[in-house]
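**Q** Submitted below is the structure of interest, expressed as structure tokens.
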Amino acid sequence: MIDTVIFDMDGTLAETEEVHRLAFNQAFSDVGLDWSWDVALYRQLLKVTGGKERITHFITLQGGVADPEFVARLHKAKTEIYTAMVDAGAVPLRPGIKEFIEAARKQGITLAIATTTSMPNIEALLNSTLGGNWREIFPVVGAGDMVSKKKPAPDVYELALRELGKPPEHCVAIEDSRNGVLAARSAGLPVIAVRSTYSSDDDLSGAAVELPNCEALSIDLLSRISS
Ligand SMILES: [Mg+2]
């Protein structure tokens, strides 16, 4: 019996990736770099999860050697830019998410988050979209900066399960990407997949069900899913 829903954030709760891309480019130009990630390139780079890892991968692709301190500083600047953009209301929740959250809470379903993004990004998005009481809505949040291995590794899901005190078969993950589906499956969770703009080509075949959009999410669906 599924009584817990664990959401991915980027691409699932909100189409954040386009704002992330613009924030990366702003951070690069602020330090005088001529790097510019267009949509096609960013689609490729998203196969590497985690912002610092993505910058490092890009430097390697260009034949360079990434200095971890430089990458960390650049990523910190990018996070500040991203946070300011989200605070300014640049990223809404995907249509259907708010309604599903409300319906789930009415049914006493526990809600959690397992994401590769870092805590400041999570706080910025949830504060601006759900308001200050988002911690009541999501009592457990697994963030990318709390684990050593990001998705597709199962670590962030395992962390969330530990904090929830739940076995994976009582939970379902909602994910938009291949890395996300793999991470949840590795942790033993069934997955509802909801494709996003940047995951339109992803293989989501490990998911129990794939929905056309978040408006198709329903409480009824949970009872039809099992691991
Ligand atoms: Mg995602």
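**Q** Using +1 on the beta carbon of Lys and Arg, -1 on that of Asp and Glu, and nothing else charged, what's the dipole of region 17-87 about the Cα centre, debye to 20? Walk me through the numbers before you get to the answer.
**A** On the way: 8 positive and 10 negative charges, 43 e Å.
Around 200 debye, computed over region 17-87.
**Q** Rounded to the nearest 20 debye, what is the charge dipole size of region 1-132 about its Cα centre when +1 sits on each Lys and Arg Cβ and -1 on each Asp and Glu Cβ?
**A** Numbers: 12 positive and 17 negative charges, 35 e Å.
It comes to approximately 160 debye.
**Q** Rank Asp201, Asp145, Asp34 by mean-square fluctuation in a GNM of the chain with C-alpha springs under 10 angstrom and give only the top-ranked residue.
**A** It is Asp34.
**Q** Now for a different question. Quick one: among Val19, Val65, Val156, which has the greatest mean-square fluctuation in a GNM of the chain with alpha-carbon springs under 10 angstrom?
**A** Result: Val65 has the largest fluctuation of those listed.
**Q** With loop defined by DSSP as not H, G, I, E or B, and exposure as at most 15 other Cβ atoms within 10 Å, which is the longest segment of the chain clear of exposed trypsin sites (Lys or Arg not before Pro)?
**A** Details: sites that count: Lys47, Lys149, Arg224.
Here the longest run is 48-148.
**Q** Would you be so kind as to identify which of Val19, Ile55, Met85 lies farthest towards the positive end of the dipole of region 17-87, taking Lys and Arg as +1 and Asp and Glu as -1 on Cβ and the Cα centre as origin?
**A** The listed residue farthest towards the positive side: Ile55.
**Q** State to the nearest 20 debye the size of the charge dipole of region 108-195 about its Cα centre, where the only charges are +1 on K and R beta carbons and -1 on D and E beta carbons.
**A** For region 108-195, the charge dipole is close to 240 debye.
**Q** Give me the percent relative contact order of region 17-87, please, defined on Cα pairs under 8 angstrom at least 6 residues apart.
**A** Numbers: 46 pairs, mean separation 28.2, N = 71.
Answer for region 17-87 is 40 percent.
**Q** To continue, here is another question. List, largest first, the extents of the alpha carbons of region 17-87 along their principal axes, each in whole Å.
**A** Result, largest extent first: 35, 26, 21 Å.
**Q** Among Ser29, Val191, Leu125, flag the residue with its Cα farthest along the positive direction of the charge dipole of the chain, charges on Cβ as +1 for Lys/Arg and -1 for Asp/Glu.
**A** Checking the options against the dipole of the chain, the answer is Val191.
**Q** Give me the angle, in degrees from 0 to 90, between the Cα long axis of helix 17-30 and the longest principal axis of the Cα atoms of the chain, rounded to the nearest 10.
**A** 20 degrees
**Q** Among the lysines in the chain, how many pairs, 8 or more places apart or on different chains, have alpha carbons under 29 Å apart?
**A** Going through the chain pair by pair, I get 26.
**Q** Something else: Per the helix-only calculation at 222 nm, which mean residue ellipticity applies to the chain, given -39500 (n - 2.57) for every DSSP H run of n ≥ 4 and division by its residues, nearest 500 deg cm²/dmol? Walk me through the numbers before you get to the answer.
**A** Numbers: 10 runs with 102 residues, N = 227.
So the helix-based figure for the chain works out to -13500 deg cm²/dmol.
**Q** Would you mind ranking Ile101, Ile6, Ile192 by Cβ crowding within 10 Å, fewest neighbours first? Intermediate results must be reported in sequence, preceding the final value.
**A** Details: Ile101 21, Ile6 30, Ile192 24.
In order of increasing Cβ crowding within 10 Å: Ile101, Ile192, Ile6.
**Q** Of Ile219, Ile113, how do they rank once you tally other Cβ atoms within 10 Å and put the fewest first? Intermediate values should be presented prior to the final figure.
**A** Details: Ile219 14, Ile113 24.
Ordered by Cβ neighbours within 10 Å, fewest first: Ile219, Ile113.
Just so you know, all these numbers are worked out from the coordinates, no wet-lab data involved. Remember, predicted model here, so these are calculated numbers, not experimental data. Positions of Cβ are generated from backbone atoms using ideal geometry, with glycine treated the same way; all protein chains shown enter the neighbour counts.
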